[in-house]
Amino acid sequence: MVNKEQVSSLQIAFMIMLFEIGSTPLFLLGGTAKQDSWLAMCAGSAAGFALLLVLMWIQHRSPGTDLIGMLKAHFGTAPGAFIGAVYSLYFAYQSMRNVRDLGELTAMTMLPRTPMAITMLVFVLLALYAIWKGAEVVFRLPEVLLPVMLFFYFLLVVMLSIMGAIDLSRLAPVMEGGLMPVLQAALPEIVSFPFGQMIVFLMLWTLWEKPGVPVKYTVNAYLLISAFLIFMNALNVAVLGPAIAGVSQLPFLKTVRVLSNLKFVERLDILVTIQLFLGLLIKMMLFYFCSVKALAELTGKPAKWWVFPMGAVIYGSSFLERDYTQHIAVGLGPSLKLDPLFQVAIPLLLALSIWVRGRLQRSA
Amino acid sequence: MPQEPKKSRQTTKDPVETSVPAPLPLKLSLEDNLQEFSRRIGSSSDIVIRHYKSEAKPPLTLAFIYIDGLVNADTVNQAVLQSLMENSTLNGDSITTEAAFNLIKEHILPVGGVKEARTLEVLLPLLFDGYTLILFEGLQVALAADTSGWEKRSINEPTSQGVIRGPKEGFTESLRTGTAMLRRRLKTADLRIEEYTIGQRTGTGIALVYLKGLASEQVLTEIRRRLNAINTDAILESNYIEEFIQDGGLTPFPTIQNTERPDAMAGGILEGQVGIVIDGTPFALLAPSTFFNFFQSSEDYYQRYDISSFLRLIRYGAFFVSMLLPALYIAVTTFHQEMLPTTLLISLAAQREGVPLPAFAEALLMELTFDVLREAGVRMPRTIGPAISIVGALVLGQAAVQAGLVSAAMVIVVSFTAISNFVIPSLAIANSIRLIRFVMMFIAASLGLFGIMSFLMVLLIHMAGLRSFGVPYLSPVAPMIPRYLKDIFIRVPLWGMNMRPKTNLGKETRRQSPHQKPQPAEDAAKPSPAQPKPQGEGPA
């Protein structure tokens with residue numbers, strides 16, 4: 001390929017939004033803060049924003065280099081390559097979590113009798129097809145999907161408010177137990193999912209048609225989507241109340257089912273299912289893409305060379321967990337402990353290295 | 001050894017196996033030339049050879065060759081034969097053949113196109129284009145006078161793309177009529193018409209029509225390259241060209257528009273597209289075309305913008321209905337009964353009680369039936385049309401339901417699907433989803449809604465990667481160019497579209513002056529620059 005694949009600022013902004021939405025609004029994040037979960041979201045988002053600033057600064061200081069290149073430059077070629085490989089696996093692992101999420105959720109809501117192996121295979125193949133077509137195609141998808149998805153959310157919110165299902169008093173009392181429960185719920189859980197996952201854009205900003213980082217678009221996209229996620233979180237609680245929202249597997253599905261209880265429209269599950277499908281697909285696709293891109297850069301092979309092996313790895317590993325319970329347990333246990341290492345610790349080390357090197361260069 | 005002759009045969013043989021002999025210069029002797037002519041074209045009954053010998057000494061000997069039916073008999077008789085035979089200088093004694101040749105060429109022939117040629121290879125195509133050839137005894141050069149004038153269909157209302165308001169004339173089979181219709185709509189010096197002849201046996205004339213400065217040079221170069229690369233013996237219709245030059249041979253989606261309407265074509269050309277008019281068919285092509293072009297009808301611009309926007313949204317809706325409705329019906333009745341309101345579910349279940357087939361088979365059967373009916377409607381002689389309607393509506397619809405072969409709901413689904421398909425203004429894209437619908441139904445029967453969504457994603461990814469002459473198929477939505485979205489899902493008022501709304505790789509150009517929104521009379525005191533000038537008052 002002669003000209004490098006490039007994406008526009010708008011495409012990056014759309015991708016950030018769709019990626020951050022993912023499947024997030026379907027779950028109640030920060031549920032331990034009860035009715036203050038939306039405040040926990042705010043805290044998480046703010047912490048994530050600080051992290052995002054660090055990431056953007058790193059990218060700004062190393063124009064034209066993605067995460068793998070930076071790791072190699074700052075930690076030495078061999079250790080950098082090793083950490084890069086670990087990152088590739090980490091991305092693949094995140095991708096596999098989404099595949100499994102979809103498999104489980106599909107079995108739960110849509111196709112109870114179809115083996116998960118088939119739905120997950122279809123899912124992985126879809127992502128594989130898009131990644132095979134290249135970054136340009138991957139980044140065009142959000143431009144179509146994000147408006148569709150937001151439209152569906154908008155429809156649901158409007159219907160919920162028309163039917164009077166939203167009761168803001170369920171959000172009271174605000175900060176019943178002080179600030180601590182809120183922060184405890186936010187850190188590190190909400191930071192690592194979904195806000196900390198912005199780390200993938202260290203792999204993607206280099207695709208931008210101009211050098212550097214599209215700061216304005218990135219920040220705006222991030223802030224907009226944070227506001228949206230906080231709103232959706234508050235909505236879940238305002239409809240269901242903190243108790244029910246906290247215990248249900250898919251609170252948003254329950255929220256939408258409130259509409260059928262109101263005898264207005266019978267079942268809007270389909271809208272939720274579509275949102276779920278699209279959100280998970282994009283998220284999974286992007287992790288998969290980053291993993292492939294990282295491997296391609298580490299091995300010097302074209303990205304297409306790694307698409308199929310990586311797809312097989314992701315598909316295969318999605319069977320490792322025995323059942324949904326274990327899947328959730330791993331997600332909330334070891335996974336959550338590992339995330340800060342990749343999302344916060346290593347980027348901070350990178351930033352430190354860049355800063356120190358900048359200092360040394362200036363003094364020399 | 002055995003490969004050697006094979007190889008040489010491949011290289012020497014003409015790929016389309018027409019005989020292309022070496023260029024043959026004319027001979028001095030008229031008799032020899034005529035013999036060569038009849039050896040080449042045989043003694044077909046429509047070829048007329050008229051000998052003429054003047055009264056002078058030495059006599060001037062000429063032969064006229066033309067094809068009856070391709071020429072206008074009046075022109076040949078009056079402009080060519082009569083003017084030559086009655087010319088006194090030509091019949092005078094002291095004129096040499098060379099002088100006569102020049103005299104005829106420069107002065108005598110009162111027709112627009114006069115060409116001279118020295119070989120048969122040049123003369124024969126002219127003959128088949130309706131030229132009258134004039135051969136001279138003692139000269140190795142011949143004249144060809146444009147006398148073409150064959151029977152043409154008159155300009156009619158387009159049958160495939162009707163409008164309520166708007167021009168009612170459509171292209172005809174004549175290339176020249178087509179280019180003239182475009183020329184009449186685009187009276188600008190920038191309009192360029194490039195002609196090609198493609199097809200060794202059909203020699204079909206093809207005209208590339210575009211506006212210089214608006215059409216992207218990149219696209220033009222690419223189209224020219226692809227047209228020149230066509231090596232076939234026959235071009236009978238625009239689809240021959242379309243299939244040879246369109247991107248992505250393996251896509252269900254059309255990447256070139258076809259239209260019968262000169263106004264639609266002029267509109268496309270004005271937005272930087274390149275038109276391809278093909279002799280022998282009233283359907284012309286427009287490229288590059290994006291997915292959204294296929295949902296724009298020329299009538300969108302002839303009606304008020306509000307109703308146009310509404311209709312356009314209806315079209316997109318109809319597109320999805322036509323593609324998805326049977327599949328959704330299958331998916332919901334087979335996999336997701338819980339999604340239906342209870343009363344509807346009960347009523348559907350009651351209807352399906354006596355139906356012997358599973359939903360998928362039922363839907364497939366009815367869809368195929370409809371496609372058979374539709375094909376029959378196109379092919380059958382007009383006189384037996386009512387019979388088909390009765391059979392279709394009563395026997396296959398009502399009676400099938402009453403007999404318990406299909407459920408009434410399925411008949412409704414299939415009918416609505418079929419009608420939705422006709423809402424889409426472009427037959428090209430309507431046809432492509434006719435096929436996609438079947439795949440969709442099959443997937444819905446095996447994976448339900450999940451399958452439908454997955455297949456929609458496959459289509460989306462496919463379209464996101466598709467290009468039409470370098471233009472991304474989904475632009476301006478993906479890649480998104482927000483200011484071009486004014487004419488995609490809705491149509492904003494004409495005074496709101498100051499820039500050319502599409503991305504055809506061309507330069508972004510202004511097409512009208514801004515601030516033309518009609519204002520109340522308060523500003524009438526200071527005339528705006530955009531005020532239309534009365535016609536005929538100085539240069540525009």
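Listing for the model above:
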{"quantity": "All positions within segment B:414-435 that are outside any helix (DSSP H, G or I) and either among the aliphatic types (A, V, I, L, M) or within 14 Å of another protein chain (Cβ to nearest Cβ) (or both)", "calculated": "B:I424"}
{"quantity": "Helices (runs of 4 or more DSSP H) completely within segment B:66-140 that count 2 or more residues being among the hydroxyl-bearing types (S, T, Y) and at pLDDT below 85", "calculated": "B:88-91"}
{"quantity": "Residue match in segment A:85-106 (condition: surrounded by fewer than 18 Cβ atoms within 10 Å (Cβ to Cβ), over 17 Å from A:S317 (Cα atoms) and either free of Cβ contacts under 8 Å to residues at least 24 places away in the same chain or out of contact with any His (no Cβ under 8 Å at 6 or more places or on another chain) (or both))", "calculated": "no"}
{"quantity": "Positions within segment B:360-413 being assigned to a helix (DSSP H, G or I), more than 24 Å from B:L328 (Cβ to Cβ) and aliphatic (A, V, I, L, M), in sequence order", "calculated": "B:A376, B:V378, B:I384, B:A387, B:I388, B:I390, B:V391, B:A393, B:L394, B:V395, B:A399"}
{"quantity": "Among (1) away from chain B (no Cβ under 14 Å); (2) in contact (Cβ under 8 Å) with a residue 24 or more places away in the chain; (3) touching a Lys or Arg at 6+ places or on another chain (Cβ under 9 Å) - the single one A:L18 does not satisfy", "calculated": "(1)"}
{"quantity": "Segment A:59-101, residues that are under 30 Å from A:L250 (Cβ atoms) and either of a type in the set (V, I, T) or in a loop (DSSP other than H, G, I, E, B) (or both)", "calculated": "A:V99"}
{"quantity": "Residue among B:G166, B:G170 that is part of a loop (DSSP other than H, G, I, E, B) and touching a Pro at 6+ places or on another chain (Cβ under 7 Å)", "calculated": "B:G170"}
{"quantity": "Qualifying residue in segment B:246-254 (condition: within 19 Å of B:L186 (Cβ to Cβ), in contact (Cβ under 8 Å) with a residue 40 or more places away in the chain and either of a type in the set (S, T, Y) or part of a strand (DSSP E or B) (or both))", "calculated": "no"}
{"quantity": "Test: B:T232 is more than 18 Å from B:S289 (Cβ to Cβ), in the same structural domain as B:A284 (by TED's automatic domain parsing) and part of a loop (DSSP other than H, G, I, E, B)", "calculated": "yes"}
{"quantity": "Flag if A:L29 is surrounded by 23 or more Cβ atoms within 10 Å (Cβ to Cβ), away from chain B (no Cβ under 14 Å) and touching a Gly at 6+ places or on another chain (Cβ under 8 Å)", "calculated": "yes"}
{"quantity": "Test for B:I488: is it within 14 Å of chain A (Cβ to nearest Cβ) and within 30 Å of A:V272 (Cβ to Cβ)", "calculated": "yes"}
{"quantity": "Matching residues in segment A:307-317 - criterion: being in contact with a helix residue (DSSP H, G or I) (Cβ under 8 Å, 6 or more places away or on another chain) and over 23 Å from A:P142 (Cβ atoms)", "calculated": "A:F308, A:V313, A:Y315, A:S317"}
{"quantity": "Any hit, segment B:323-336, residues being in contact (Cβ under 8 Å) with a residue 60 or more places away in the chain, more than 14 Å from every other protein chain (Cβ to nearest Cβ) and assigned to a loop (DSSP other than H, G, I, E, B)", "calculated": "no"}
{"quantity": "Single condition B:P534 does not satisfy, out of (1) out of contact with any helix residue (DSSP H, G or I) (no Cβ under 9 Å at 6 or more places or on another chain); (2) modelled with pLDDT of 65 or more; (3) more than 30 Å from B:H336 (Cα to Cα)", "calculated": "(2)"}
{"quantity": "Selected residue (only one of A:V124, A:V54 is under 20 Å from the mean Cα position of the chain (by Cα), farther than 30 Å from A:A243 by Cα and within 14 Å of chain B (Cβ to nearest Cβ))", "calculated": "A:V124"}
{"quantity": "Cβ pairs under 6 Å, 6+ apart, first in segment B:170-195 and farther than 16 Å from B:A284 by Cα, second part of a helix (DSSP H, G or I) and among the hydrophobic types (A, V, I, L, M, F, W, C)", "calculated": "B:L186/B:A266"}
{"quantity": "Wholly within segment A:102-206, helices (runs of 4 or more DSSP H) carrying at least 2 residues that are within 28 Å of A:T325 (Cα to Cα)", "calculated": "A:116-133, A:179-185"}
{"quantity": "Inter-residue pairs, beta-carbon under 9 Å, first touching a residue at least 60 places away in the same chain (Cβ under 8 Å) and in segment A:339-361, second of a type outside the set (F, W, Y) and not in a helix (DSSP H, G or I), 6+ apart", "calculated": "A:L350/A:S62; A:I354/A:S62"}
{"quantity": "Residue list for segment B:436-474, restricted to those being surrounded by 22 or more Cβ atoms within 10 Å (Cβ to Cβ), more than 9 Å from chain A (Cβ to nearest Cβ) and not in a helix (DSSP H, G or I)", "calculated": "B:S468, B:F469, B:V471, B:Y473"}
{"quantity": "Selected residue (criterion: farthest from the other protein chains (Cβ to nearest Cβ)) from residues of segment A:87-110 that are under 21 Å from A:L26 (Cα atoms) and aliphatic (A, V, I, L, M)", "calculated": "A:M96"}
{"quantity": "Matching entry among A:R257, A:R322, A:R357 (being within 14 Å of another protein chain (Cβ to nearest Cβ) and more than 22 Å from the chain's Cα centre (by Cα))", "calculated": "A:R257"}
{"quantity": "Top-ranked residue of segment B:142-163 - restricted to ones that are out of contact with any helix residue (DSSP H, G or I) (no Cβ under 8 Å at 6 or more places or on another chain) and not in a loop (DSSP other than H, G, I, E, B), ranked as nearest to B:L84 (Cα to Cα)", "calculated": "B:D146"}
{"quantity": "Residue within segment A:153-174 that is within 14 Å of another protein chain (Cβ to nearest Cβ), under 28 Å from A:S8 (Cβ atoms) and surrounded by 13 or more Cβ atoms within 10 Å (Cβ to Cβ) present", "calculated": "no"}
{"quantity": "Residue match in segment B:351-358 (condition: in contact with a Leu (Cβ under 9 Å, 6 or more places away or on another chain), surrounded by 13 or more Cβ atoms within 10 Å (Cβ to Cβ) and modelled with pLDDT of 90 or more)", "calculated": "no"}
{"quantity": "Which numbered condition A:R113 misses (of (1) more than 10 Å from every other protein chain (Cβ to nearest Cβ); (2) surrounded by fewer than 24 Cβ atoms within 10 Å (Cβ to Cβ))", "calculated": "(1)"}
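The values are calculated or read from the model by the stated rules, or taken from the named source; none is laboratory data. Predicted, not measured: the structure shown is a model, and the values here were computed from it. Reconstructed Cβ throughout: ideal geometry from the backbone, glycine too, with neighbour counts over all protein chains shown.
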